[in-house]
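Before any comments, here is the structure.
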Amino acid sequence: SNAKEDLGSSRHTNQHKTMNRRFYTYLNSTLIAGSLFYPSTSAQAAPLSLNYMAPDSYLIQDIRVTGNTSLDAAAIIALSGLQVGDTILLPGPTITDAIQRLWQQKLVRDIAIYAQAVEKGTVILTIHVTENLRLSSYTFKGIKKKQIAALEEKTNLTQGQVVTQALLQKIQKTIQDYWAKDGYLNATTHISTAPDPEHENCVQLTIHIHRGEKRIINEIQFEGNHQLDSAQLKAAMQHIRERPRVTLVQDLLKQTLTLKPIRKGGFLWRPVNVKGLNSYFWEHVILFSSKFDQAQFEADQQRIIDCYQSHGFRDAKIIAAQVEEYDTDGLNVKINVQEGTQYEYDFGN
């Protein structure tokens, strides 16, 4: 009767995402590993005896591949590093290395290598693989056609692509990043898979997206601004506004009690400046908040630079601009500026 020895195999599950190898280890060094026979030209078939305490040399007479549907058998053998005519130790590291090489290609989700005895000193190896599922089609649900087109370009999914847990996680992250840029930080993505009834070893993906609601701006924070105060810079921003609040009376009362208006730098110390009053007003009277929009945020960053340049800071630039979650409804915007040198123009001569 025909029999075969499982020299080693690899299993991969979504739960563990690791490769498990099975090796049979025998404590009795004289134990024959099963009734391992393969038909030979002689009247009697020779058993393949594996002594795990003292490996023996075997000449590879043939290498076969089973379980492959789309992968080429010759390519699998080449990737394994095994070659007909090579002499290998059984048991030995050659089989382990072959499994490792195949696993690194990320083309299969299960690998096993079996040995069948032909006659003494020769062996036939069988590489059995279970290929990864491949993508046959995908569908986006819950968003508009324009948004679908944008996400198709972002995810770059193609028919025949290997579907792994890593790919599904990449899709989810790509979609999350796409919506986060527009202020939808609560967007959720659920991907369901179903076998393709018309194509073996293929799956269809349905990508369900719920983008949620846009988040409003809680606070705008500036760093690095030493020459222009935050109120001036916020007033220069046209679209991005903080949560509604009115603190004008409270601030005026505070300044009056501390005599700040008549001290150096107070608003009664210097001549009335329309731009200064405008900035002061926008700092303490916010009637309408704004929802975060990436395009508008970028436009307002340019307005901040324009504001600096209008005051002679020609080299001013924004070195960092980020959006952070404040609470379930609000976002904090942080802008780090580098003001540079203030240039003055001399029109006298």
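Residue-wise test of (1) open to solvent by less than 80 Å² (accessible area, probe 1.4 Å); (2) touching a Ser or Thr at 6+ places or on another chain (Cβ under 6 Å); (3) modelled with pLDDT under 90.
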{"position": "251", "(1), (2), (3)": "yes, no, yes"}
{"position": "277", "(1), (2), (3)": "no, no, yes"}
{"position": "290", "(1), (2), (3)": "yes, no, yes"}
{"position": "296", "(1), (2), (3)": "yes, no, yes"}
{"position": "303", "(1), (2), (3)": "yes, no, no"}
{"position": "330", "(1), (2), (3)": "yes, no, yes"}
{"position": "336", "(1), (2), (3)": "yes, no, no"}
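Just the residues that are over 18 Å from residue 182 (Cα atoms), part of a loop (DSSP other than H, G, I, E, B) and modelled with pLDDT of 80 or more, please, taken from the range 228-246. If the condition is that a residue be over 18 Å from residue 182 (Cα atoms), part of a loop (DSSP other than H, G, I, E, B) and modelled with pLDDT of 80 or more, then 228, 229 are the ones that fit.
I'm checking my understanding of the structure. Among residues of the range 305-328 that are of a type in the set (Val, Ile, Thr) and surrounded by fewer than 15 Cβ atoms within 10 Å (Cβ to Cβ), which one is modelled with the lowest pLDDT? Quick ask: steps written out before the conclusion?
To start, the set of residues in the range 305-328 that are of a type in the set (Val, Ile, Thr) comprises 305, 318-319, 323, 328.
Subsequent filtering for residues that are surrounded by fewer than 15 Cβ atoms within 10 Å (Cβ to Cβ) retains 319, 328.
Values: 319: 94, 328: 70.
Restricting to residues being of a type in the set (Val, Ile, Thr) and surrounded by fewer than 15 Cβ atoms within 10 Å (Cβ to Cβ), the top hit is 328.
From the list 218, 186, 225, 156, the one residue that fits, being within 21 Å of the chain's Cα centre (by Cα), within 30 Å of residue 304 (Cβ to Cβ) and of a type in the set (S, T, N, Q), is 186.
Residue-level analysis places residue 208 outside the set of residues that are open to solvent by 40 Å² or more (accessible area, probe 1.4 Å), touching a residue at least 60 places away in the same chain (Cβ under 8 Å) and either assigned to a loop (DSSP other than H, G, I, E, B) or more than 21 Å from residue 180 (Cα to Cα) (or both).
Identify all residues within the range 66-93 that are crowded, with 21+ Cβ neighbours inside 10 Å and part of a helix (DSSP H, G or I); write none if there are none. Selection gives 76, 80. Sub-9 Å Cβ pairs linking a first residue in the range 122-137 that is on the phi > 0 side of the Ramachandran plot to a second residue that is part of a strand (DSSP E or B) and crowded, with 18+ Cβ neighbours inside 10 Å, at least 6 apart or interchain, number zero. In the range 169-184, the residues that are closer than 15 Å to residue 322 by Cα and in contact (Cβ under 8 Å) with a residue 60 or more places away in the chain reach residues that are among the basic types (Lys, Arg) and open to solvent by 80 Å² or more (accessible area, probe 1.4 Å) with C-beta atoms within less than 8 angstrom, at least six apart or across chains, in these pairs: 183/291. In the range 129-150, the qualifying residues are those that are assigned to a strand (DSSP E or B) and among the charged types (D, E, K, R), and the one that is farthest from residue 204 (Cα to Cα) is 131. Within the range 311-323, residues that are in a loop (DSSP other than H, G, I, E, B) have Cβ atoms under 7 Å from residues that are of a type in the set (Val, Ile, Thr) in these pairs: 315/341; 316/305; 316/337, counting only partners at least 6 apart in sequence or on another chain. Note on the range 151-167: among residues that are open to solvent by less than 30 Å² (accessible area, probe 1.4 Å), of a type outside the set (Val, Ile, Thr) and in a helix (DSSP H, G or I), the one that is farthest from residue 202 (Cα to Cα) is 151.
Among the residues making up the range 166-180, a single one is polar (S, T, N, Q) and touching a helix residue (DSSP H, G or I) at 6+ places or on another chain (Cβ under 8 Å): 174. Return yes or no: is residue 196 out of contact with any Ser or Thr (no Cβ under 9 Å at 6 or more places or on another chain), more than 30 Å from residue 89 (Cα to Cα), acidic (Asp, Glu) and touching a residue at least 60 places away in the same chain (Cβ under 8 Å)? Considered against the rule, which asks whether it is out of contact with any Ser or Thr (no Cβ under 9 Å at 6 or more places or on another chain), more than 30 Å from residue 89 (Cα to Cα), acidic (Asp, Glu) and touching a residue at least 60 places away in the same chain (Cβ under 8 Å), residue 196 comes out as no.
For the range 204-215, the count of residues that are in contact with a Gly (Cβ under 6 Å, 6 or more places away or on another chain) and among the aliphatic types (A, V, I, L, M) is at least one. Looking only at residues of the range 95-132 that are surrounded by fewer than 20 Cβ atoms within 10 Å (Cβ to Cβ) and of a type in the set (Val, Ile, Thr), we find that the one that is nearest to residue 52 (Cα to Cα) is 96.
The values are calculated or read from the model by the stated rules, or taken from the named source; none is laboratory data. Remember, predicted model here, so these are calculated numbers, not experimental data. Don't worry about glycine lacking a Cβ; one is built from the backbone with ideal geometry, like all the others, and counts go over all protein chains shown. Please note that ligands, DNA and RNA were not included when accessible areas were found on the heavy atoms of the full protein model with its side chains. Shrake-Rupley method; radii C 1.70, N 1.55, O 1.52, S 1.80 Å.
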